[in-house]
Amino acid sequence: MFEKSPNFRSADIRILTHHIYEYKKGLRPLALHTLNACERQTAEQILKRRNIPYLIQTVSAKKINIFLGSEECIKVVQSFQKDSLTDYTTTLELILVVLN
């Protein structure tokens with residue numbers, strides 16, 4: 001019914017770019033965005049092109065989590081050494097809330 005224009009962006013990618021906007025404006029040092037795994041390549045291209053540090057964690061075969069933000073915040077998330085948010089302790093969740 002509706003044709004997709006070449007500039008079409010999925011809702012996931014539009015929200016990701018909004019998180020990037022907030023990060024670039026200094027509104028947040030870290031953002032966590034869950035999106036469809038089929039959008040991974042597009043998301044990585046956007047983040048690399050804008051030179052934004054990020055970390056991707058697989059949630060399921062269909063979903064991924066992308067942490068994006070300052071180098072320091074990404075290093076903190078990496079230091080948790082957890083593959084899934086479900087593995088985070090209450091303390092680690094609190095640290096994420098404070099960073100976000």
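The values are calculated or read from the model by the stated rules, or taken from the named source; none is laboratory data. All values reported here derive from a predicted model rather than from experimental measurement. Backbone-built Cβ (ideal geometry, glycine too); neighbour counts: all protein chains shown.
Among the residues making up region 33-60, those that are modelled with pLDDT of 90 or more and among the hydrophobic types (A, V, I, L, M, F, W, C) are LEU35, ALA37, CYS38, ALA43, ILE46, LEU47, ILE52, LEU55, ILE56.
Inside region 71-82, residues that are modelled with pLDDT under 80 and loosely packed, with under 11 Cβ neighbours inside 10 Å make up a count of 1.
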